[in-house]
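What follows is a single structure, written as structure tokens, with notes after it.
The values are calculated or read from the model by the stated rules, or taken from the named source; none is laboratory data. Small disclaimer: the values here were computed from a predicted structure and weren't measured. Cβ: placed from backbone, ideal geometry, glycine included. Neighbour counts: every protein chain shown. Accessible surface areas use protein heavy atoms only, side chains included; no ligands, DNA or RNA. Shrake-Rupley method; radii C 1.70, N 1.55, O 1.52, S 1.80 Å.
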Amino acid sequence: MSDGTIHLSIQDGIASLLIDRPEARNAMTWSMYDALAAACDKLQDDPDVRVATIRGVGGKAFISGTDIEQFRDFSGAEDGVRYESAVEAYVSKLEKLPFPTLAIIDGYAMGGGLALAAACDFRIAAPEAVFGVPIARTLGNCLSANNTARLLASFGPDRVARMLILAESIKAEEAHACGFVHEIVAADQLEARAKVLCERLSGNAPLTMKAAKETMRRIIAGDSSSNEDLIRECYGSRDFRTGMDAFLEKKKPLWIGR
């Protein structure tokens with residue numbers, strides 16, 4: 001079985017991340033996590049990217065979690081601490097991208113895959129999508145506080161208790177009902193719907209979207225002291241002047257993200 005890979009492509013300001021290990025339901029290996037981090041670093045520094053999508057290859061899974069083989073060399077508690085810290089770093093890189101992110105979910109989003117989906121700003125899912133963290137009946141490990149907080153913010157305490165303690169999975173309809181899934185879309189229409197959403201997001205003010213998602217991230221993480229840096233970036237930008245002038249002149253603004 002291969003170690004898998006992550007494909008990154010960028011076209012017309014829209015970045016696409018493909019998780020490619022379908023023979024293992026896109027379970028993540030260390031090399032895949034590293035490749036995801038490298039892709040996020042590249043995107044972080046690209047001023048022309050307006051939105052990014054992330055999707056698993058094969059139609060059976062978004063990401064089914066971390067490949068269990070990666071745990072075989074663990075010998076004690078500190079290995080677990082290092083692992084959860086590493087996963088948090090990978091998830092955080094995706095979460096902190098300065099533009100909207102869209103997870104396209106077809107099949108299983110489990111464990112670390114659910115954490116990565118939760119780190120995105122929007123999620124569309126096929127009717128067959130399934131979400132869960134069944135470690136209470138499989139591995140017997142646990143999640144970091146940060147990844148638990150992401151799930152709580154997305155699903156609420158009752159559903160997270162069901163996932164983490166009862167080891168239940170949540171189906172697409174329930175995930176949509178609680179707001180985690182933005183839309184349920186037929187599997188063969190996911191790409192088309194994602195394209196429409198990406199085009200819509202690409203037309204919005206980049207700095208405003210950046211400020212909104214980073215401010216929300218800070219508040220959820222418990223850091224609500226200030227977003228003055230983001231306020232300064234927006235109000236001091238050429239885009240703010242462009243937007244104000246366009247509004248007064250009843251024209252469509254042309255955003256440059258600066």
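What pairs come up if the first residue lies in the range 148-176 and is free of Cβ contacts under 8 Å to residues at least 24 places away in the same chain, the second is part of a helix (DSSP H, G or I) and open to solvent by less than 10 Å² (accessible area, probe 1.4 Å), and their beta carbons are under 7 Å apart, counting only those six or more places apart or on different chains?
Cβ pairs passing all conditions: Leu152/Val160; Val160/Leu151.
A quick yes/no check of all residues on (1) within 22 Å of Thr138 (Cα to Cα); (2) modelled with pLDDT of 95 or more; (3) within 15 Å of the chain's Cα centre (by Cα):
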site	(1), (2), (3)
Arg21	yes, yes, no
Trp30	yes, no, no
Asp41	no, yes, yes
Val49	no, yes, no
Ile63	yes, yes, yes
Ser75	yes, no, no
Glu84	yes, no, no
Val87	yes, no, yes
Glu95	no, yes, yes
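Output the residues belonging to the range 57-98 that are touching a residue at least 24 places away in the same chain (Cβ under 8 Å), open to solvent by 10 Å² or more (accessible area, probe 1.4 Å) and outside any helix (DSSP H, G or I).
Correct list: Val57, Gly58, Gly59, Lys60, Ser64, Thr66, Asp67, Lys96, Pro98.
Restricting the first residue to the range 30-43 and requiring it to be in contact (Cβ under 8 Å) with a residue 12 or more places away in the chain, which pairs with a second residue that is open to solvent by 60 Å² or more (accessible area, probe 1.4 Å) and in a helix (DSSP H, G or I) meet a Cβ separation below 8 Å and a spacing of at least six or different chains?
From the range 30-43, the pairs are Leu36/Lys93; Ala37/Lys93; Cys40/Lys93; Asp41/Lys93.
Across the range 179-199, what is the total count of residues that are outside any helix (DSSP H, G or I) and open to solvent by less than 60 Å² (accessible area, probe 1.4 Å)? Steps first, please.
First pass over the range 179-199, keeping only residues outside any helix (DSSP H, G or I): 179-186.
Now drop any that are not open to solvent by less than 60 Å² (accessible area, probe 1.4 Å), which leaves 179-181, 183, 185-186.
Of the residues in that region, 6 qualify.
Any idea which residue in the range 201-258 is modelled with the lowest pLDDT, counting only those that are under 25 Å from Glu95 (Cα atoms), hydroxyl-bearing (Ser, Thr, Tyr) and open to solvent by less than 80 Å² (accessible area, probe 1.4 Å)?
Selected residue: Ser226.
Being of a type in the set (Lys, Arg) and within 22 Å of Pro134 (Cα to Cα) is the filter here, so list the residues in the range 7-66 that pass it. Give the steps one after another, and end with the answer.
Just the residues of the range 7-66 that are of a type in the set (Lys, Arg), to begin with: 21, 25, 42, 50, 55, 60.
Arg21, Arg25, Arg55, Lys60, listed by residue number.
Identify all residues within the range 118-133 that are in a loop (DSSP other than H, G, I, E, B) and either over 15 Å from Leu151 (Cα atoms) or among the β-branched types (Val, Ile, Thr) (or both); write none if there are none.
Result: Ala126, Pro127, Glu128, Ala129, Val133.
Please go through the range 28-48 and give me each residue that is in a loop (DSSP other than H, G, I, E, B) and open to solvent by 10 Å² or more (accessible area, probe 1.4 Å), ordered by number.
Here is the first cut: in the range 28-48, the ones in a loop (DSSP other than H, G, I, E, B) are 29, 45-48.
Passing the criteria: Asp45, Asp46, Pro47, Asp48.
Return the residues of the range 128-143 that are among the β-branched types (Val, Ile, Thr) and more than 15 Å from Phe155 (Cα to Cα); say none if nothing qualifies. Working first, answer last.
Of the residues in the range 128-143, the ones among the β-branched types (Val, Ile, Thr) are 130, 133, 135, 138.
Within the range 128-143, Ile135, Thr138 qualify.
When residues of the range 200-253 are filtered for being outside any helix (DSSP H, G or I) and either under 27 Å from the mean Cα position of the chain (by Cα) or hydroxyl-bearing (Ser, Thr, Tyr) (or both), how many remain? Working first, answer last.
Taking the range 200-253 first, the residues outside any helix (DSSP H, G or I) are 203-205, 221-227, 236-237, 249-253.
So of that shortlist, the ones also either under 27 Å from the mean Cα position of the chain (by Cα) or hydroxyl-bearing (Ser, Thr, Tyr) (or both) come out as 203-205, 221-227, 237.
Of the residues in the range 200-253, 11 are outside any helix (DSSP H, G or I) and either under 27 Å from the mean Cα position of the chain (by Cα) or hydroxyl-bearing (Ser, Thr, Tyr) (or both).
Quick one: Ile170 ticks every box in (1) crowded, with 16+ Cβ neighbours inside 10 Å; (2) under 17 Å from the mean Cα position of the chain (by Cα); (3) not aromatic (Phe, Trp, Tyr) except a single one, so which number is it?
Looking at each condition in turn, Ile170 falls short on (2).
May I ask you to verify whether Arg150 is more than 20 Å from Asn26 (Cα to Cα), in contact with a helix residue (DSSP H, G or I) (Cβ under 6 Å, 6 or more places away or on another chain) and not in a loop (DSSP other than H, G, I, E, B)?
Values: more than 20 Å from Asn26 (Cα to Cα): yes; in contact with a helix residue (DSSP H, G or I) (Cβ under 6 Å, 6 or more places away or on another chain): yes; not in a loop (DSSP other than H, G, I, E, B): yes.
Criteria met by Arg150.
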